1. Assign unit charges at the C-beta atoms only (+1 for Lys and Arg, -1 for Asp and Glu), then state the dipole size of the chain relative to its Cα centre in Debye, rounded to the nearest 20.
2. If you count the DSSP beta bridges with both ends in the chain, what percent of them are antiparallel, to the nearest 5?
3. Roll a 1.4 Å probe over the protein chains and send me the accessible area per residue for the stretch 7-82 in Å².
4. So how far apart, in nm, are the two label points at Asn221 and Tyr160 if each is 7 Å from Cα heading toward Cβ?
5. Let a ≥ b ≥ c be the square roots of the eigenvalues of the Cα gyration tensor of the chain; is it rounded (a/c under 1.5), or, if not, prolate (a/b larger than b/c) or oblate?
6. Would you work out if the stretch 117-204 is rounded, prolate or oblate? Take a ≥ b ≥ c from the square roots of the eigenvalues of the alpha-carbon gyration tensor; rounded if a/c is under 1.5, else prolate when a/b is larger than b/c, oblate otherwise.
7. With every protein chain left in place, what is the accessible area per residue of the stretch 104-235 in square angstrom, probe 1.4 Å?
8. With point charges of +1 on the Cβ of Lys and Arg and -1 on the Cβ of Asp and Glu, referenced to the Cα centre of the chain, which listed residue (Ile234, Trp208, Gly141) lies farthest in the positive direction of the dipole?
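The values are calculated or read from the model by the stated rules, or taken from the named source; none is laboratory data. Everything quoted here is computed from the prediction, not taken from an experiment. Please note: Cβ atoms are built from the backbone with ideal geometry, for glycine as well, and neighbour counts cover all protein chains shown. Each accessible area value is taken on the protein alone, full model and side chains, heavy atoms only, with ligands, DNA and RNA left out. Shrake-Rupley method; radii C 1.70, N 1.55, O 1.52, S 1.80 Å.
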Amino acid sequence: DAPPTHPVQFDRLGRTLVNGRPFFPLGMYWSVSKPYHKFRLPPIDASNIVEYADSPFNCTMPYQSPTRAQMDVCQANGIKVIYALTCDFDGNDWDPSGGDPSRSHAPKAVRHIAEFKDHPALLAWYLNDERDIRELENLAGRYRTVKALDPDHPAWIALYQYDQIREYMATFDAFGTDPYPISGSPIGQAYQWASVGHAGAFGMRPMWQVPQAMDWSICRNDRPGDRMPTREEID
């Protein structure tokens, strides 16, 4: 018999395959309701997604938890979703439980996985937004839980801890680092974080990097030189 296939998997070079076809994830962070977070992320709605889909973008990573209607809108417009579970577990900065184990949100994660693991818009689960290395045991538990419930979709994490990727290996299938150098650091930081992270994972794990496409001055006013990256810098 032919080996089982998964809707989302990686080839031997770490390239993403969706239903057996090459897929290069290119997307942006979003919200699920009103403009959210210090970067004023746009909410997922039909008009926004239709406009977004008329571009090279093919996926989105909304913070919070998209509804089925929002997942359906993405699917109808050919947009894949990296579904954030980061606020569904205890011990997250944005988790209203404040990390109190007695108010753990793990049941919410289980519910969301069960509801959306078969949704055709689902690309991956987002499990870790820059969590500290001291939380490795908790993060590894998240990963094992998610993979037991849904072996068909990868678990992705994003870290600024680009030189500690090896220590996080038990917590993800794919990873990215998120340097945002413009305008406080040399633009070469983007290459440095990617190359060091890739080597830290022995070159064996797929990388979905997080390039900068935002202006730091939107959320802070303590550095007067902050600006939007130029088109050439983004490219």
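1. Working: 23 positive and 30 negative charges, 26 e Å.
The dipole magnitude comes to about 120 debye.
2. Working: 6 of 26 bridges.
Percent antiparallel among DSSP bridges in the chain is about 25.
3. Values: 4250 Å² over 76 residues.
Ligands and nucleic acids excluded, the figure is 56 Å² per residue.
4. 2.2 nm
5. Working: a/c = 1.22, a/b = 1.18, b/c = 1.04.
Taking the square roots of the gyration eigenvalues as a ≥ b ≥ c, the chain is rounded.
6. Values: a/c = 2.20, a/b = 1.68, b/c = 1.31.
Prolate, because a/c is 1.5 or more and a/b exceeds b/c.
7. Numbers: 6490 Å² over 132 residues.
I get 49 Å² per residue for the stretch 104-235.
8. Gly141
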